[in-house]
Amino acid sequence: MILTPEIKTILVAATPIFELRGAIPLALGVYKLSFWSAYGLAVMGNVIPVFFILWLLETVSNFLSRHFYFFNRFFAWLFERTRDHHKHSFERWETLALVILVAIPLPLTGAWTGALAAFVFGIPAKKAFLLITAGVMIAGAIVTLATLGIINLFI
């Protein structure tokens, strides 16, 4: 099976490490796709895993917590620690905080992190999906414009 540049762009965007930050420069610089194709394919590829993360994370977390003591302790610690450290920001900024978290194209931010944050803070999956998609679209625009040299992110 030969992977086309379009499929490769989608796959890179779907990874938790590279996401849009890797897919768009790859699509524009290496594969020479149009900026609309690069943007659209990367956004689509970045949003696909979010659907599955939001859909499956609670089920997997509950299963592991019920069947394994370690995971029960780990998830309890993780949720308590994260909520304690970031509860104020999420309460203050509400849903905008999730969009901003996803929209900032820096390491440890993005769609995967946004999906995990939505789960930890109990944002309903449908609402979280829409907010994360909005953040991905903003991040995609920023990365595309930066890749094309229209904006400079490292001023």
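Where a number appears in this text, it was derived from the coordinates with a stated rule and is not lab data. Nothing here was measured: the structure is a model prediction, and the numbers come from that model. Virtual Cβ from ideal backbone geometry, glycine too; neighbours counted across all protein chains shown.
Exposure proxy ranking for Y69, Y39, based on other Cβ atoms within 10 angstrom of each Cβ and starting from the fewest, stands as Y69, Y39.
Pick the calculated Rg and Dmax of the Cα atoms in Å for this structure from [x] 23.7, 84; [y] 15.9, 48; [z] 16.8, 52? Recomputing Rg and Dmax of the Cα atoms in Å here picks out [z]. Couplings 3J(HN,Hα) for segment 6-12, derived from phi with the Karplus relation 6.51 cos²θ - 1.76 cosθ + 1.60 (θ = phi - 60°), are 5, 5, 4, 4, 4, 5, 5 Hz, where x marks Gly and Pro.
What the phi angles of segment 112-126 give under the Karplus curve with 6.51, -1.76 and 1.60, with θ = phi - 60°, is a coupling list of 4, 5, x, 5, 5, 5, 4, 5, 4, 8, x, 6, x, 4, 5 Hz, glycine and proline written as x. A simple spin-label model places the labels of Y69 and K127 3.7 nm from each other, with each point 7 Å out along Cα-to-Cβ.
Based on other C-beta atoms within 10 Å, arrange V47, V102 from fewest to most. Least crowded to most crowded, the residues run V47, V102. Dipole of the chain computed with +1 at Lys/Arg Cβ and -1 at Asp/Glu Cβ about the Cα centre; of F79, L54, S89, farthest Cα towards the positive end is F79. Find the relative contact order for segment 5-147 and round it to a whole percent, using C-alpha pairs within less than 8 Å whose residues are 6+ positions apart. 28 percent.
Per-residue 3J(HN,Hα) values for segment 60-66, derived from phi via the Karplus relation 6.51 cos²θ - 1.76 cosθ + 1.60 with θ = phi - 60°, read 5, 4, 5, 4, 5, 5, 6 Hz in sequence order (x marks Gly and Pro).
Working from label points 7 Å from Cα in the Cα-to-Cβ sense, the L96 to F52 distance is 3.4 nm.
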